[in-house]
1. List pairs: first in the range 170-186 and in contact (Cβ under 8 Å) with a residue 40 or more places away in the chain, second exposed (fewer than 10 other Cβ atoms within 10 Å of the Cβ) and assigned to a helix (DSSP H, G or I), Cβ under 6 Å, 6+ apart or cross-chain?
2. Does at least one position in the range 66-89 carry a residue that is touching an Asp or Glu at 6+ places or on another chain (Cβ under 9 Å) and closer than 21 Å to Gln157 by Cα?
3. What are the residue pairs meeting all of these: first residue in the range 14-39, first residue on the phi > 0 side of the Ramachandran plot, second residue part of a loop (DSSP other than H, G, I, E, B), Cβ atoms under 9 Å, and 6 or more apart or on different chains?
4. Select from the range 21-56 the residues that are in a loop (DSSP other than H, G, I, E, B), touching a helix residue (DSSP H, G or I) at 6+ places or on another chain (Cβ under 6 Å) and within 17 Å of Ile173 (Cβ to Cβ) and list them in ascending order.
5. Do the conditions hold for Lys18, that is, is it assigned to a strand (DSSP E or B) and modelled with pLDDT under 95?
6. Give the residues of the range 27-58 that are among the aliphatic types (A, V, I, L, M) and over 14 Å from Ser161 (Cα atoms), sorted by residue number.
7. Go through the range 70-92 and give me each residue that's part of a loop (DSSP other than H, G, I, E, B) and either in contact (Cβ under 8 Å) with a residue 60 or more places away in the chain or under 11 Å from Thr144 (Cα atoms) (or both).
8. Every residue in the range 43-60 that is within 15 Å of Val84 (Cα to Cα), among the polar types (S, T, N, Q) and surrounded by 23 or more Cβ atoms within 10 Å (Cβ to Cβ), please.
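The values are calculated or read from the model by the stated rules, or taken from the named source; none is laboratory data. Bear in mind the structure is a predicted one, so any value in this text is a computation, not a measurement. Note: ideal-geometry Cβ built from the backbone for every residue, glycine included; neighbour counts use all protein chains shown.
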Amino acid sequence: MLDQAREMFTWIPNAFIKYPCTREGLRAAEQSVGSDIRVNMTLCFSQAQAAAVYAATNGAKVPVYVSPFVGRLDDIGENGVDLVANVKRMYAAGDGHVAVLTIEQLLYCFSIDTDLVTVPAKVLDDWARNSFPMPDGNFKYTATGKPMLYQELALNQPWQSFDIQHELTRKGIEKFAADYRATLSQTA
């Protein structure tokens, strides 16, 4: 992963290289920030994974992004935006080198001052059709899944000390690999 990242970073020097929230991805991220390669940690589904991202990228000279996949958590009956709020709360005690990147629930993310969002086109279309509303003091997000409770995690621990295993991370990597193989077979 690191060799590919170094090569890709030469193509577009201000790119953010995506790594999955796995042991290998965190190891590559740790080495990347040491080489001033910008990092976006993807397939994040737990607060422990986000804490490991923080620890692995400590000392980064440019912002690092962590990408909680809110919609996929919602799909399995968990309140995905709770993860965003919990990670922002946890990171508030840190030095600010990691920012939160989220998917879906755009207005809620605006209402809690999320640093950056990645939004599917259909959500942007809906937002535009509704004249780009912004949340005000009366905005309430109605969660549909079970709450994800906040965990007290010390950000100054080695990244290897966090339990980063999550079934959705594994499934996300499997889906990416299958899509990649399908693309290669179509171009061959």
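1. Going by the 6 Å Cβ cut-off, there are no qualifying pairs.
2. Yes, some residue in the range 66-89 is touching an Asp or Glu at 6+ places or on another chain (Cβ under 9 Å) and closer than 21 Å to Gln157 by Cα.
3. Between residues of the range 14-39 that are on the phi > 0 side of the Ramachandran plot and residues that are part of a loop (DSSP other than H, G, I, E, B), the close pairs are Asp36/Ala60; Asp36/Lys61; Asp36/Val62.
4. Residues satisfying the conditions are Cys21, Phe45.
5. On the way: assigned to a strand (DSSP E or B): yes; modelled with pLDDT under 95: yes.
Considered against the rule, which asks whether it is assigned to a strand (DSSP E or B) and modelled with pLDDT under 95, Lys18 comes out as yes.
6. First, the residues of the range 27-58 that are among the aliphatic types (A, V, I, L, M): 28-29, 33, 37, 39, 41, 43, 48, 50-53, 55-56.
Correct list: Ala28, Ala29, Val33, Ile37, Val39, Met41, Leu43.
7. Ile76, Gly77, Asn79 - these are the residues of the range 70-92 that are part of a loop (DSSP other than H, G, I, E, B) and either in contact (Cβ under 8 Å) with a residue 60 or more places away in the chain or under 11 Å from Thr144 (Cα atoms) (or both).
8. Scanning the range 43-60 gives Ser46, Gln49.
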